[in-house]
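Okay, so here's the structure we're looking at.
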Amino acid sequence: LAHLAKEVYTSDLLPDGSITGVKLAEGAVNGQHLQPDSITGGHLAEQSVEERHVRPGSITLAHLAKEVYTSDLLPDGSITGVKLAEGAVNGQHLQP
């Protein structure tokens, strides 16, 4: 390389696959270098996703396990007569 002029130092001189992580400057690779959909769950460290990473309103009932379906999920006053199964309310449910 000592005999080459600086202007001929191009990536064409590098064999394909010759650059390794140790040769990259810190901060050289960032989001613009990542292909869309290239990050998968396997790339995430355990416990790395935090509440701040979840967009408000993006978690729906479909995302919840069945065992968390409790009355706590229902806003007060949200059950109306049309939602009650026929025969669901009887004398034992009524105040004297």
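Looking only at the stretch 28-43, decide whether some residue is of a type in the set (A, V, I, L, M), out of contact with any helix residue (DSSP H, G or I) (no Cβ under 6 Å at 6 or more places or on another chain) and outside any loop (DSSP other than H, G, I, E, B). Spell out how you get there, then give the answer.
From the stretch 28-43, those of a type in the set (A, V, I, L, M) are 28-29, 34, 39; that's our starting set.
Applying the additional criterion that residues be out of contact with any helix residue (DSSP H, G or I) (no Cβ under 6 Å at 6 or more places or on another chain) yields 28-29, 34, 39.
Narrowing further to those that are outside any loop (DSSP other than H, G, I, E, B): none.
So far as the stretch 28-43 goes, no, none of its residues is of a type in the set (A, V, I, L, M), out of contact with any helix residue (DSSP H, G or I) (no Cβ under 6 Å at 6 or more places or on another chain) and outside any loop (DSSP other than H, G, I, E, B).
Looking at the stretch 42-59, which of the residues that are open to solvent by less than 90 Å² (accessible area, probe 1.4 Å) and within 22 Å of Leu74 (Cα to Cα) is farthest from the chain's Cα centre (by Cα)? Going through the qualifying residues, I end up with Gly57.
Looking at this structure, is Ala62 free of Cβ contacts under 8 Å to residues at least 60 places away in the same chain, assigned to a loop (DSSP other than H, G, I, E, B), among the aliphatic types (A, V, I, L, M) and exposed (fewer than 10 other Cβ atoms within 10 Å of the Cβ)? No: the conditions fail for Ala62. So, Gly17, is that one in a helix (DSSP H, G or I) and open to solvent by less than 100 Å² (accessible area, probe 1.4 Å) or not? Spelling it out, it is not the case that Gly17 is in a helix (DSSP H, G or I) and open to solvent by less than 100 Å² (accessible area, probe 1.4 Å).
The values are calculated or read from the model by the stated rules, or taken from the named source; none is laboratory data. From a predicted model like this one, the values you see are computed outputs, not experimental measurements. With ideal geometry, Cβ positions are generated from the backbone for all residues, glycine too; neighbour counts draw on all protein chains shown. Ligands, DNA and RNA are excluded from the accessible area calculation, which covers all protein heavy atoms including side chains. Shrake-Rupley method; radii C 1.70, N 1.55, O 1.52, S 1.80 Å.
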